[in-house]
1. For a Förster distance of 25 Å, can you work out the FRET efficiency between the beta-carbons of residue 235 and residue 173, rounded to the nearest 0.05?
2. What is the spin-label model distance, in nm, from residue 194 to residue 89 if the labels are put 7 Å beyond Cα along the C-beta direction?
3. What number, in percent, do you get for the relative contact order of the range 118-201 if the mean sequence gap of Cα pairs under 8 Å and at least 6 apart is divided by its residue count?
4. With the crude spin-label approximation of a point 7 Å out along Cα→Cβ, what separation in nm comes out for residue 201 versus residue 213?
5. Counting other beta carbons within 10 Å of each Cβ, put 47, 189, 84 in order, fewest first.
6. Which whole-angstrom value gives the distance between the alpha carbon centres of the range 174-190 and the range 11-59?
7. Taking the number of other C-beta atoms within 10 Å as the exposure measure, put 68, 241 in order starting with the fewest.
8. Treat the count of other C-beta atoms within 10 Å as a stand-in for reagent exposure and order 147, 192 from fewest to most.
């Protein structure tokens, strides 16, 4: 199984601008961990559960925009979980995970209201792609405009020059806007002072590189004050911006080995 490539990602967000939420339910911890890492790499929030009872409780508190649900759970059938979840959230899309030879489970799942299914063993890219399609069709999220940059709950519209965090509008000067745009075009990437000077100010300040520190401090006061920080310093290296909740990239495993290859 090869890691998910960044150019396959589709920027989706909830109507309020917050990340998409996905609940992953499977009794095998290795499967939930890999799926959770892949989905967090998409920029989404993820909650996991390993049995039906905890899945139902998590769905009520987490209010996911989509659910990945294993058919066979240790305490109850996945169809029972589906019914309980749909009682609280009738429109939430559900992607079933089924055993390769369990044709009856796939049919039963779709008949009971499941929106799609993936058979074990499966590839992460397939699951993510199917889930993106389900979320878009459900109307729970929308694709971001090409002019809209987003990192976590922070958005920047390159056309209107509007910046918001958590739905709250933030006023920036022209230089602050250019600095933030450069950071947001390179999320999770450490940018050196020299790179920032060259890109934002278009020339070398020489010994006055502290202008970068100054404007980083301005941005922090406006973006991070009273909130979990998004702008971070890497001492001796530079600065980066990332979602307040750190996204973890999926671990690289042996190429060609699907997830759940040893599953039922």
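1. Once rounded, the FRET efficiency stands at 0.40.
2. 4.8
3. It rounds to 16 percent for the range 118-201.
4. 1.3
5. On the way: 47 20, 189 13, 84 17.
Exposure proxy ranking, most exposed first: 189, 84, 47.
6. Value for the Cα centre distance between the two parts: 28 Å.
7. On the way: 68 27, 241 23.
Starting with the residue having the fewest Cβ neighbours, the order is 241, 68.
8. By the 10 Å Cβ count, ascending, the order reads 147, 192.
Coordinate-derived values only; no laboratory data. All figures in this text were calculated on a predicted structure; none of them were measured in a lab. Note: ideal-geometry Cβ built from the backbone for every residue, glycine included; neighbour counts use all protein chains shown.
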